[in-house]
Every structure is written in structure tokens, then in C-alpha cells.
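Below is one structure, written out as C-alpha cells; comments come after it.
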Amino acid sequence: MLGILLALLVIAAFVLVAINASSGSTGPKANVVVATRDLAPRIPIDAGSLEIKNIEISGYPANLLFTKIDDVKGTIPLVTIPTGQAVTANDVAKPSQALGSQSEYLPIPTGYVALTIPTSEQQGVADYIQKDDYISVIATVSTSGKVASKTIFTNLHVIRVGMQGNGAPSNSSASSLTVVVTECQAEVITWFITYASLKYALESFHDYLQPGAQTPDPGCPTVTAAKGVTLQVMQAAYPTLF
């Protein structure tokens, strides 16, 4: 009986030592920025998806951790960041630095597409058109000795000016604008670029649409709704131009 009692005491001692060793193995902790939900690549991070949490940081490079939410808000995840994981500098990039397949998604509403159109100083309001402006498009057609101009579209949202990541200074002349249109509008604009000429008018910021105000167009709700355009279609749609 005495031997059994000693054996039980030895086992208990080993268990206590193991528990103490386990509790003593916790590494250093710090208050760092952590994801409150799974963060998918290419989608800008909002402040509501982040929190400051005191966690063990022994598994993270200390110089890559963030301690302020504002330093992470608006950045683009380059990989999926799971819920509860600390956000590190090598997992995210600023929108201006996230290039190629890892860049952020363009702000294209459901039912719309992005289309790049040519521009210049005279064509594009002397370079005053900037990202998030809204423009009107004027088409000029010369046919059978007749020249006519007409505003064919208004309230086109400009989501990019110039080429992504080209590093050009802000006062340089951009050669393109990327706008949000329906696929049907894209076909019409492409026709006018090919067979006529376009000029743009910058709308007053007082008249700009509110973010998220672009709902699907009933006349062209999806990309597959576009049926193509011909000269006859354009003449019927814009009789004053022909």
C-alpha cells in the first residue's frame, strides 16, 4: 500500500510539473490589429473588419505587425487572412501598390462593366477629369455632307484616369478614362469611337450620383442583354445624327 501511495504521489508530481511547464511556455503578447472576419484578397479592408487584440506574437515578425487600425483600413489583402489572425505588412498592400492579379476589384455595380475610352486635353476637359467624377459623352457624326453632334450619355462614372500603376505625375496628360457603363452602352460607345468622334463634358459635382445609386438598368440589366449594334441600329437610335 505504501508503494502504491508513493507511486501515485510521483505521478501527481509529474502532472503538476507538466501543467506548470505548459502554462509557463506562453510567449510575449502585444496589442495588435487582428481580423474580426475572413478577409478575402482584392477587397479593401474596412475598419469594421478589424480590432485591436492582445495576442501572443511569438509566431509573427514583430516589425510587420500593426498597432493602429487606421494603418490597415483601406489596404488590399494579398492573401486570405482568417478570422482572429493578426494582419501583417506582408499580407496587405496599399491600393497604389497592389498591382496585377492582386489589385483591388474595380468599383463596378451589378449589371455594369468597365470600359476604357480615349481622351486628350481638348477631348477631356483639359485634364480636369479625375477619378470618381461623372461625365457626359458627346458624339459628332459626319455623313453625306452633314455634321451633327448630340449628347449620347450622361452620368458616366469615371473610376480610373490613365493606366494603373503608370507612376505618371498628376499634372501629366492622361490618354484614357475608364468609365462604368452597361454592356449595351459599351457597344454604342465602341461604334462611335470607330466611326465617329467623341468629346466629354465634366458634370457639376453637385449633380453627382450618390455611391451605390447605380442600380441595374432595366433596358440592359446584364452583360448578356447586349445584342450588338449596326449602322441601321444607330440611325434608328440617334436619327438627328444621320
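Computed from the coordinates by the stated procedures, all read-outs in this text should not be read as laboratory data. The structure presented is a predicted model; accordingly, all values stated were derived computationally and were not measured. Glycine gets a Cβ as well: all are built from the backbone with ideal geometry, and neighbour counts include every protein chain shown.
In table form, for the structure just shown:
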| quantity | calculated |
| --- | --- |
| All aspartates and glutamates inside 15 Å of LYS94 as judged from Cα atoms, apart from same-chain residues fewer than 8 positions distant | ASP46, ASP70, ASP71, GLU104 |
| Residues with amide H under 5 Å from that of LEU50, placed H, sequence gap 5 or more | THR36 |
| Coil-residue chymotrypsin sites (Phe, Trp or Tyr not before Pro) of region 108-146, DSSP, other Cβ within 10 Å capped at 15 | TYR128 |
| Residues whose placed amide H lies under 5 Å from that of GLN85, excluding near-sequence neighbours | ALA35 |
| In order through region 123-128: 3J(HN,Hα) via Karplus (6.51 cos²θ - 1.76 cosθ + 1.60), integer Hz, x for Gly, Pro | 6, x, 6, 6, 6, 7 |
| Packing-based ranking, highest mean first, of 148-154, 186-192, 227-233 given that Cβ atoms within 10 Å are counted | 186-192, 148-154, 227-233 |
| Pairwise centroid distance, computed over Cα atoms, of region 60-75 with region 174-234, Å | 40 |
| Residue-wise HN-Hα coupling along region 38-49, computed from phi with Karplus coefficients 6.51, -1.76, 1.60 (Hz; x: Gly, Pro) | 5, 9, 8, x, 6, 9, x, 7, 9, 4, x, 9 |
| Cross-link partners of LYS199 among aspartates and glutamates (Cα-Cα below 14 Å; sequence separation of 8 or more within a chain) | GLU121, ASP127 |
| Check: region 31-100 dipole with +1 on Lys, Arg Cβ and -1 on Asp, Glu Cβ, in debye | 120 |
| Sequence-distant lysines (8 or more away, or on other chains) whose Cα lies within less than 23 Å of LYS29 | LYS53, LYS68, LYS73 |
| Built amide H within the under 5 Å cut-off of PHE153, gap 5+ | VAL137 |
